[in-house]
1. Right, ASP127: in a loop (DSSP other than H, G, I, E, B) and closer than 28 Å to THR294 by Cα or not?
2. Yes or no: VAL313 of a type in the set (A, V, I, L, M, F, W, C), crowded, with 21+ Cβ neighbours inside 10 Å and either touching a Gly at 6+ places or on another chain (Cβ under 9 Å) or in a loop (DSSP other than H, G, I, E, B) (or both)?
3. Can you name every residue in region 92-118 that is open to solvent by 30 Å² or more (accessible area, probe 1.4 Å), within 19 Å of GLN434 (Cα to Cα) and charged (D, E, K, R)?
4. Could you list, in sequence order, all residues of region 224-253 that are of a type in the set (S, T, N, Q) and either more than 20 Å from GLU201 (Cα to Cα) or assigned to a helix (DSSP H, G or I) (or both)?
5. Considering every residue within region 201-209, establish whether at least one is without any contact (Cβ under 8 Å) to a residue 12 or more places away in the chain and either among the charged types (D, E, K, R) or not in a helix (DSSP H, G or I) (or both).
6. In region 79-91, which residues are under 11 Å from SER66 (Cα atoms), of a type outside the set (Gly, Ala, Ser) and open to solvent by 10 Å² or more (accessible area, probe 1.4 Å)?
7. Restricting the search to region 183-220, which residues are farther than 25 Å from CYS73 by Cβ, of a type in the set (Ser, Thr, Tyr) and open to solvent by less than 20 Å² (accessible area, probe 1.4 Å)?
8. Within region 141-163, can you find the residues that are touching a strand residue (DSSP E or B) at 6+ places or on another chain (Cβ under 6 Å), under 18 Å from THR109 (Cβ atoms) and assigned to a loop (DSSP other than H, G, I, E, B)?
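The values are calculated or read from the model by the stated rules, or taken from the named source; none is laboratory data. On a predicted model such as this, the values are computed, not experimentally measured, just so you know. Cβ placement follows ideal geometry from the backbone for every residue including glycine, while neighbour counts extend to all protein chains displayed. The protein model used for the area step is the full one, side chains on, heavy atoms only, and it has no ligands, DNA or RNA in it. Shrake-Rupley method; radii C 1.70, N 1.55, O 1.52, S 1.80 Å.
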Amino acid sequence: SARVNPGQTPNYFSAMSESGDTSQASIPSGTRHKKRSQNHHEASREKYIDIDFTLKEIVNIHGGGSVYCISFCDIIPSLWTYFAAVGGRSASLFSIDADDSIRSIKSFTTEDRGDEFYSSCWGANADALPLLIVGGKKGIITVINVAENLVDKVLVGHGSSVNELRIHPFNHSLLFSASNDCSIRLWNLQTEVCVAIFAGEKGHTNQVITIDIHLLGNCFASAGMDACIKIWNLKDPHLEVAIEASNSYDPLKIPRTSFKTYIQQLPLFSTLKIHSDYVDSVRWVGDCILSKSTRCRVVLWSPATNTSTDSAVILQEFYLPSGENWFVKMDVCIPLDIFAVGNTWGQVFVYPLSTFRNKYVREKGKQETEFNPGEERFQCTHPSTHVSALYHQGSSKVNSSAKSSMMKKINARHSVFSPNGQYVVSCFDSGAIQLWKLTHHFSGNGDSKEK
């Protein structure tokens, strides 16, 4: 697929570029993450992984207020270096340049002083141009045409705050939103209708904090304050009919309120057996689910749907130091099979995934007729710890606001990998954004990659 070089601005972004010098902080070349020892690993080479990141830049936005979400423009391969950061009343667009610096492109600010953005994602319009989608405190979803620098549409329907937004992996007109009103909504970005609502009799009983769509687009996972993790069916025939109807809907001819929104009340799967407290982040890892709660615990597990509707196989538990606060989101890097998540001290931890998930898949494939999802042969008795910890202790060359944010207790709200796995971008309650670059990756098969 076509791509631009880092720092090269596509034509339809050129109108948004600002000529002013943003004077970003300079990071000493010797500033690196603190890497933990690998001595605890067993002899099995498959379990060995060594990852090295270098801090490239720290910038501050939003006047020192919280930044809750980072989202890369991953739906258009040529724009993979562009990312949005949202928090407060602003959504800011940045680019990672060829010299590994962060360049400010544009910032959108809502006029509603009572609103606050919590989440963002990227969609595309009928002309395949990028749309930045943001939502937050007021429950209003704003769709921004970044090419023309204007609000494309506003989606209204949720009765409370929107906590997370996700786009369908290959139908970029379908938007999912999770809300404090205990529901998840599916929207058609082209026709602006609410296609479906996932809530009701067997739905969530408290705020929905997080959602993630399976890469095949056939289901999605949700979780929230009720400590329950649910999987919803996107291949429901009634839902497929509603999606098709939404594609042909013409709001100029038929009132939008007349569209018959489908309500799915029964999830495919629902469990309370993984966590006992708020679940604020879920991500698919193949057919397995990675979920995080507020008790310093991240769990990799697989639904055991052939035994009961709430059973699960726990593949691995990960310990997250100082991970008590909620609304701290994680991200999975598919190319490297690792994930990253922050904590209350502004630290970001990177963990490996491949050993446990691949073992489970191999064994299940070998013994498909005999495999018992209730067995604990893949459950580790001691929670795994990270292979890398990314945090900056402060430097005289870093602006004072960014420096102070790293020296006190402050949440690392969201850590996201770039689509190619080359960078990690993290955001903080201080308004700081950190850019880390992968400089070394060694896996158990002897492969070593220097970036």
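1. So ASP127 fails the test.
2. Working: of a type in the set (A, V, I, L, M, F, W, C): yes; crowded, with 21+ Cβ neighbours inside 10 Å: yes; either touching a Gly at 6+ places or on another chain (Cβ under 9 Å) or in a loop (DSSP other than H, G, I, E, B) (or both): yes.
Yes, satisfied.
3. ASP99, ARG103, LYS106
4. SER246, ASN247, SER248
5. Among the residues of region 201-209, not one is without any contact (Cβ under 8 Å) to a residue 12 or more places away in the chain and either among the charged types (D, E, K, R) or not in a helix (DSSP H, G or I) (or both), which makes the answer no.
6. Selection gives ARG89 alone.
7. SER183
8. VAL146
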